[in-house]
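The values are calculated or read from the model by the stated rules, or taken from the named source; none is laboratory data. No experiment lies behind these values; they were computed from the predicted model shown. Here the Cβ positions follow ideal geometry from the backbone for every residue, glycine too, while neighbour counts run over all protein chains shown.
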Amino acid sequence: MGSLNAFVVAVDLAARQRDAARQTLQNLQGARQAAQAQLDQLSGYAAETQQRWGMREGAAVQPEVMHHHYQFMGRLDHAIGLQTQAVSGQDQRVLQAGQALLQAELRLASLRKVLERRRAELVLLQQRREQKNTDERAAQRAAARMQTLDQE
């Protein structure tokens, strides 16, 4: 019975670890979505800025203004590149957390299977003991009857 309790504790611990892994995955997915939303916002702003600049192409623009525009677009492209790397990093963390969750679920399933097998073994062992006790009592009664019959 002690080993059965140990398996119950192990299953409970594995279930808590699985739940923690699931929560971690959900948190990382949320962070990944936020990073993607920020990337989309930056990309949209860059496209909008470029479109507004393109509408003014026919107008005479001073070289300083063009320089500032190109410099701003360069910084915006750099920010988009950094955010793209951040999204990629989040993708990796989400993938790793998904694998950790899968491993935790597999461990929990295997521990549950072992626990059920142990319980079945204990039930079978108890049934055998009860059958043995029943057989012994029946044999004792039969021996007592035989002894009573022999004395008559």
* Structure fact -> Output for Cβ contacts, cut-off 6 Å, separation at least six or different chains, first residue basic (Lys, Arg) in region 114-133, second surrounded by 11 or more Cβ atoms within 10 Å (Cβ to Cβ), reads ARG118/LEU4; ARG118/PHE7
* With respect to ARG107, is the statement that it is within 14 Å of the chain's Cα centre (by Cα), in a helix (DSSP H, G or I) and under 30 Å from LEU125 (Cα atoms) true? -> yes
* Asked: With respect to ARG107, is the statement that it is closer than 30 Å to GLY2 by Cβ, among the basic types (Lys, Arg), surrounded by 12 or more Cβ atoms within 10 Å (Cβ to Cβ) and touching a residue at least 60 places away in the same chain (Cβ under 8 Å) true?
  -> yes
* Asked: Does region 67-104 hold any residues that are over 27 Å from the mean Cα position of the chain (by Cα) and of a type in the set (Ser, Thr, Tyr), and which are they?
  -> TYR70
* Asked: Do we find that ARG129 is surrounded by 13 or more Cβ atoms within 10 Å (Cβ to Cβ), modelled with pLDDT under 95 and within 30 Å of ASN5 (Cα to Cα) in this structure?
  -> no
